[in-house]
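Right, one structure below, let's go through it.
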């Protein structure tokens, strides 16, 4: 057992001394209790945290609305959005978590929806591209994409819009170089990078100001996490 | 006084045409509201997954789908290539399963029992000797003009070089696929990701034993085609068969890996070139043998187009196809041109180097051997100014090196036809002043709908908001497939004609109603005028139409000056090469492009910029990697099939060359041209930077370093 | 993707317990970038996926004694934004090189350290070692992205981790927990990686039911560091080669150095010879070049990857110069 003092100081159940103890791969595991106490009761509790491979109800909070779906654990967030909720703005393109066409915001962070299982997202706030439009009112990133013709076939566009929105939320005064570095997680085949860059740069030059839609959603998120 | 002849109006009077107009479906696309084929989820839709061959060649010895059929949630299984079927390339479709959920369909595909008897395969397309030894070559012709040998021996300088360009795929971000639904036994509705809305109904009808008139093809949005989506495809037919068997709608989209393996690629091209010139830089002789593969068909890029753009008096050319166990090729933007442009422009640049000439001067010197010397000369001048050619060009490899980084400039020329495809449009002018246009065309991303709306609004002098454009259904009047830069001309011609005729009819109504001479009536800014006096508004005039809309059909193409064909274009690149890592970065890349009359300057520029970026892709990073061990396409994913990202394209300049002489030619297609000469321009810029030729595209760091090493030896 | 159970533990102990059911035919899920691809391509088929993202103790970055403790769940963004890691420039260089906000926000340090190779034979189903009918497909096939060092045995893939070289150069140690409920071991990260002789051995010392919980970095002190990744693309891409260095300078003279290459061998490649060569010398173009040469002196390129020797050499040279702010040029 660790003493209390050590735990308090390190904020964790161990310290550098532990790290320095085992000096090679061959070193036997040093038995030591971690901060979480092991007990048979805990073991059974952990079993309670297991969802079987069968479908079960999964509740997702998407664009401020709750949706309960019956899903197997292996269903990705992307498939749930597209197939079960008909939110098809996020596109299924690469199968390898590289192209960004399925970008959504999870708790405000740009995320590949194909790299998350739907069950993982219970309790999180998911924002899809559909949230950036309310009738004729649209987020200024969408406006900017249209203004700069940052699209051709349009299949990568919603993902790029979401990546751009998330990027500008966190980098409101981004430079050209920042934009080129930050948005490297998305692919466009038609070749619309010029327009996307111009759009992001223009918004950044205005301080990346959020439009009302985005402000509202960001506001909701802040309220939620507060 | 408006003369009643079909034609585009005076350039100075255009309100919309030639300006930058945002695409009318832009918000729909950017906000995710636009529904692509992959997004169609009608109630009860089943999801289809595919079993594909994992060998490059051989036979299917066993295919047992019973375990899949028996699974709960599986509604239909369709065998495409069953026992005894021959496999000629990896990824060949064997069976398709439709199930309640995609994950069940995947389980079912995994449950299918399959075995193969593999046979010998050949995938090595750049190795002519090996192909000959394997009996995989197919002669694709040879022809000669003039006296090549005499010209070679008389030449001041003779250059021999080896050049090449690897196979690439289309990599449509929306894979090929469809959503099929039968209503009754006969009527089939297909949402199809297609460049050929009007032309694919029959492809479904035959194999399914139904009438073409029973097949509705719908494609409101398509996520990329690039020449690979003209057919229903075996996957499309499989989807329809599954829908028929299951009695439910089925959606079948290819997965990424299968998309890359079987849904189309652009043939490779490799060449041994001998090129000769006189002291002034006149090219006096050309002798080339090129080879490559289109996959299992074993054809090669077209013999008749090399040397590209330049007609050389003494010329011999030969082509050899290689039969490879690779998926079949499809038209890829400007079929044949990018490869042949690269093979030609690089050899010319090397000849200039040997002559001690600036390659700009050599290209210029030989413009008399092209179809449009004046246009090229003017475009080269514009391009050179933008890229600052004079200041940046130096003899190959002689620029300064900063921390191992060397820079250089290079150029190449291109040409394309771009004649409007055949199309019909049905125009309806309603009594409330709104206008609708119907046509079985499609919007590949060029802005088809916007261009139609602009054309109509310009003609009537009304805002675009009064125009509603309907494309994307084979229920509408037939339109040609969108391929070969034919669509903008294809749709703008008929819509202009129909609009002009409709306008004249309305003018007649106005003239009769208000008692003026019909020939004196003009339409502008939403009003009709005669003799300088406003008579009535557009809306008032349209009320004269009556309860039934005024309908006019427009057709095309016609020889009335609305459209033309034949463009030039020049690309100039400024690159930096890190000689210690072989990494190339594009500093600035310019395309000066003519395309006759430009309708939407904004989307036209987008098209050019897009072509240039696709050019950067195949010049620097993308290629199909075939494994000689397994015959498999081992980088059939977006991690190892490398496409440029937003930081990879440098500063891009799309300069539209549109003097009045071009405007007066009418509309000419633009999709293909700007993708053609990128390979040559970028390769020449790299050669200018580092002083050695990186012979094969894409110029990966490996190839750059190998070229540098070879150059030192 | 095959079906599996999904578990979401709250504590390390719970996580370990959950990993050790089903004869440990289980797998850890964090950011998902690698695991999703492995599952989709049917390269792993766990009975249970243990999502550790709720294990609070494994998150974040905090000071510990005279070093920094990085939870396995710390994201790339955490590393880039936390003042505690600001002095570990070689780590920031790696984050910078990823160029994708999605990966930076979701990718975890633990996930990066355990990332399986991107070898295309492995990813196409020929096993970790890329063998078919007893033949090494890598040896005979297209090995342009494969190992140039440490490739004498059957393993010819390159280690995928982008952070490991930098962490090892800093002398990082790793805490591994499981498989027994209270078992933990601490070892230098350098010894965490193995060169397998069998596909089943994996790329790390982790046994079934074990996972990384934390990483510890000694205090940065006055040491300087840098990572140089040779990236073909200016976006999300795998480095063709990389080098991370940590150096302690005495004025202009190197007093101590550590040089680790990435993406050139089945493990992160610690070059002690090159580091020894650096000690006692100033760092300039010439010395850094010579150190780079030494780092690749024992390279044994395969049929199609000799160019990587040059890339690795350059990466070492440039990382050294970058560490002392003397890097000029390069793209």
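Bear in mind these aren't lab numbers, they're just calculated from the coordinates by the rules spelled out. All of these numbers come straight from a predicted model, not from anything done at the bench. Ideal geometry is used to build each Cβ from the backbone, glycine not excepted, and the neighbour counts take in all protein chains shown.
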Volume per residue of the C-alpha convex hull in segment A:56-131, rounded to whole Å³: 74 Å³
Bins of 10 Å from zero: percent of alpha-carbon pairs in segment B:648-703: 17, 38, 25, 15, 4
Unit Cα scatterers, Debye sum, segment C:196-246: log10 I(q)/I(0) for q = 0.25 Å⁻¹: -0.93
Which of B:121, A:117 has the fewest Cβ neighbours within 10 Å, and the rest in rising order: B:121, A:117
Inverse mean reciprocal Cα-Cα distance (Kirkwood Rh) of segment B:162-320, Å: 18.4 Å
nm² value of the averaged projected area, convex hull over the Cα atoms of the protein assembly as shown: 49.2 nm²
Gained length - residue C:253 relative to residue C:42, 0.36 nm times residue gap less alpha-carbon distance: 70.8 nm
Gyration tensor over alpha-carbon atoms, segment A:91-178, equivalent ellipsoid semi-axes in Å: 21, 15, 14
Percent RCO, i.e. relative contact order, over segment A:56-131, from Cα pairs under 8 Å lying at least 6 residues apart: 40 percent
Percentage of interatomic Cα-Cα distances in segment C:278-331 larger than 18 Å: 32 percent
Rounded if a/c under 1.5, otherwise prolate or oblate - segment C:161-312, Cα gyration tensor axes: oblate
Shape parameters for segment A:132-215, alpha-carbon atoms, Rg then Dmax in Å: 11.6, 34
Beta bridges per DSSP with both ends in chain B, % antiparallel, nearest 5: 80 percent
Cα gyration tensor category, rounded, prolate or oblate, for chain B with a/c compared to 1.5: oblate
Per-selection Kirkwood Rh - segment C:8-88 (Cα, Å, 1 d.p.): 14.1 Å
Between segment B:639-699 and segment B:21-60, the Cα center-to-center distance that results, in Å: 29 Å
Inter-chain shielding of C:210-217 (mean C-beta neighbours from other protein chains, 10 Å cut-off): 2
Acute angle (nearest 10 degrees) that the helix C:285-295 long axis makes with the longest principal axis of chain C, alpha-carbon atoms: 40 degrees
Convex hull (Cα only) mean projected area of chain C, reported in nm² to one decimal: 15.9 nm²
Spin-label pair residue C:132/residue B:130, simplified geometry with 7 Å Cα→Cβ offset, distance in nm: 1.3 nm
Label point 7 Å beyond Cα of residue C:300 along Cβ direction - residues of segment C:148-164 with amide nitrogen under 14 Å: C:148-157
For segment C:1-150, diffusion coefficient by Stokes-Einstein and Kirkwood Rh (Cα), 20 °C, 1.002 mPa s, µm²/s: 124 µm²/s
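Within 10 Å of each Cβ in peptide B:574-582, how many partner chain Cβ atoms are there on average? Round it to a whole number, please.
5
Kirkwood Rh, Cα Rg: Rg to Rh for segment B:1-75?
Dividing the radius of gyration by the Kirkwood radius yields 1.36.
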C:28, B:521 arranged by Cβ crowding within 10 Å, fewest neighbours leading: C:28, B:521
Computed over segment B:277-359, Cα set: Rg, Dmax in Å: 14.7, 46
Alpha-carbon centroids, segment A:74-128 and segment B:533-583: separation in whole Å: 38 Å
Relative contact order of segment A:132-215, pairs being alpha-carbon contacts under 8 Å that are 6 or more residues apart, as %: 46 percent
Degrees, to the nearest 10: C:307-323 long Cα axis against longest axis of chain C: 70 degrees
Prolate/oblate/rounded label for segment C:229-323 (Cα gyration tensor, a/c 1.5): prolate
Relative contact order of chain C, pairs being alpha-carbon contacts under 8 Å that are 6 or more residues apart, as %: 17 percent
